[in-house]
Each structure stands twice: as C-alpha cells, then as structure tokens.
Amino acid sequence: MTSANADRLELTALRGVPMVQAGDDVPTLITAAFERSAMALLAGDVIVIAQKIVSKAEGQRVNLATLEPSPRAVTLAAEIEKDPRLVEAVLSESTRIVRQRPGVLITEHRLGFVMANAGIDRSNVGPPEGSEEVLLLPRNPDASAERIRRALSARYGCEVAVIVSDSFGRAWRNGTVGVAIGVAGLPALLDRRGAADLFGRPLQVTTIGFADEIAAAASLLMGQAAEGRPVVLVRGLAWSEPASSVRALIRTKEEDLFR
C-alpha cells in the first residue's frame, strides 16, 4: 500500500515550538508542543521537521568573522560578487562547483545534494544586527532523523516516521519547494514500475519521490519567512515498502544527463 491509496491526509503545524539553541533536545521540544496542543502521535504518523531547528540544535553555526578566505575563495567571490568568507564556508561544505555566475553559486554538497550555496543560510538564524553567523546543514540528516524518530516512537509507544526538510530551488523552474534531506522510518522513493495503469498497461519508468512529496506538502504550512512553524504532523499516509535513506533520492552521476 502506498500514498496513492489514501483518500484523505491531515497536515497540522505544531504551535509553540520555541527558538532552538545549540544542545536543545529536538524530540523533547516536539513532545512539549504536542502536549500543549493536547495531541499525541499515532502509529504511521510522519513528522516533518525544518532543517534549521535540527542544525541549530546540533550547533551547526559558523561565524563568518572567524573565517579566513582562501585564495580560491577570494578569486571566486570576486567573480560572483559574494562575501569571500561566505564563499569559503560554501567551498568547505562542497565537493565541487556545478554552476556559477554573479550572485549565484550552485555546488554539490558533501552529502550529494546539488544546491545553492551548499545549503548555507542566514535567514532565521539570529537577529541581523551585529550578527555574522550562518547555518550549515546537519552533518548527517538521515542519522538526525533516525535519532528523533526513535525518541518519539519510544515516547508514544508506536512507530512513526521522520523527515528533515529544506527548501530547494529547481532547474528549469522558478521558486523553491520543500524537499527531504533526511529520512527515517519510511521509503524515500516508491518504485511503481510494473504496476498497472487505468488500462492495465504496466508502468515502465515511474518512481515517486515519496519523501519529497511529503516535505513539499508540509512546507505549505511551515512557510519560508517569519511563520515560526518548523514542525508539521502528517497523518493518513500508508506504505508497505521498506524504509530507506535519502540517498535513494539522489540521482547518481552515471544517470545524470545534466551534470
């Protein structure tokens, strides 16, 4: 059974999740938010968590004032008109540059994601006055998702799934959408090859970015600015495929026709 069998989904943004600091326990914060809302997790629920609160809890902050740009970062920064210290941070998180132009730097992150500025962000990190801190992605988002999933499953006595999400731009389309960068407890990708269409014709190439679709739906409630809703409960999904990591969503270089 997959999400295609669901006739109704419920998405609920948790209220009252506080500003997260380094060392905070994310499952505890989520549990407290559930309790304040008189809610509880049920078997099969999916919790989608914004990357920023995971990164903050794990201390993935960097103060640009502490960075000394390398000659490569200085040269590249002049070409793309960006802060050399930010470029240095981006390069330290990347395995290679995919595209560049003034104002734009697309890299392959060390985790395999192709994204702008290696996912490094300044928004919602802290007050802008006098702050030069930026936020990196979690060191291992799959492991982060699994730790949170285990803690919440133990707390509520049922098996749940967790997705760590972030906002990505997309080639050939404007705008950002929520995507999964960490997955635990559900299949990141659903392989529908061999299933019949409405006329009995077997599907040949259809695979579904299951975790990405869930993350995108949750992103509608999370918002992108000052909404302050970094955790979303998704209820009503069902699946039978085994759980997998976010690696299932990353196209290999051998299959990538555009890199």
Check your understanding: Residue by residue, what Karplus-based ³J(HN,Hα) values in Hz, rounded to whole numbers, does the range 82-89 have, using 6.51, -1.76 and 1.60 with θ = phi - 60° and x for Gly and Pro?
Key -> 10, 4, x, 5, 5, 4, 4, 5
**Study point:** Cleavage-rule hits (trypsin sites (Lys or Arg not before Pro)) in the range 146-195: DSSP loop, at most 14 neighbouring Cβ within 10 angstrom
**Key:** 193
Practice item. Sorted from largest down, give the three principal axis spans of the alpha carbons of the range 172-232, whole angstrom values. Key: 47, 30, 19
Practice item. Check each of the trypsin sites (Lys or Arg not before Pro) in the range 6-85 and keep only those in coil by DSSP with at most 13 other C-beta atoms within 10 angstrom; list them in order. Key: 8, 15
Check your understanding: Under 30 Å from the Cα of residue 253, which lysines turn up, not counting those fewer than eight places away in the same chain?
Key -> 52, 82
Study note, to complete from the structure: Given chymotrypsin sites (Phe, Trp or Tyr not before Pro), DSSP loops and at most 12 other Cβ atoms within 10 Å, the longest exposed-site-free stretch of the chain is 1-171
Review point. Residue 98's amide H: which non-local residues (gap 5+, or another chain) put their own amide H closer than 5 Å, with H modeled 1.01 Å from N in plane and none for Pro or chain starts?
Key: 106, 107, 108
Check your understanding: Shape of the chain from its Cα gyration tensor (a ≥ b ≥ c, root eigenvalues): rounded if a/c is under 1.5, otherwise prolate when a/b > b/c, or oblate?
Key -> oblate
Study note, to complete from the structure: Extension length gain for residue 203 and residue 96 (0.36 nm per residue less Cα distance), in nm, is 35.0 nm
Check your understanding: Quick one: length gained pulling residue 255 to residue 66 fully straight, 0.36 nm per residue minus the C-alpha distance?
Key -> 64.1 nm
Review point. On alpha-carbon atoms, Rg over Rh for the range 34-148 using Kirkwood Rh?
Key: 1.07
Review point. Mind checking the dipole of the chain: about its Cα centre, +1 per Lys or Arg Cβ, -1 per Asp or Glu Cβ, Debye to the nearest 20?
Key: 300
Point to revise | the chain: relative contact order as a whole-number percent, Cα under 8 Å and 6+ apart | key: 26
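A short reminder: the numbers here are calculations on the coordinates, not readings from a lab. From a predicted model like this one, the values you see are computed outputs, not experimental measurements. Every residue, glycine among them, receives a Cβ derived from its backbone with ideal geometry; neighbour counts consider all protein chains shown.
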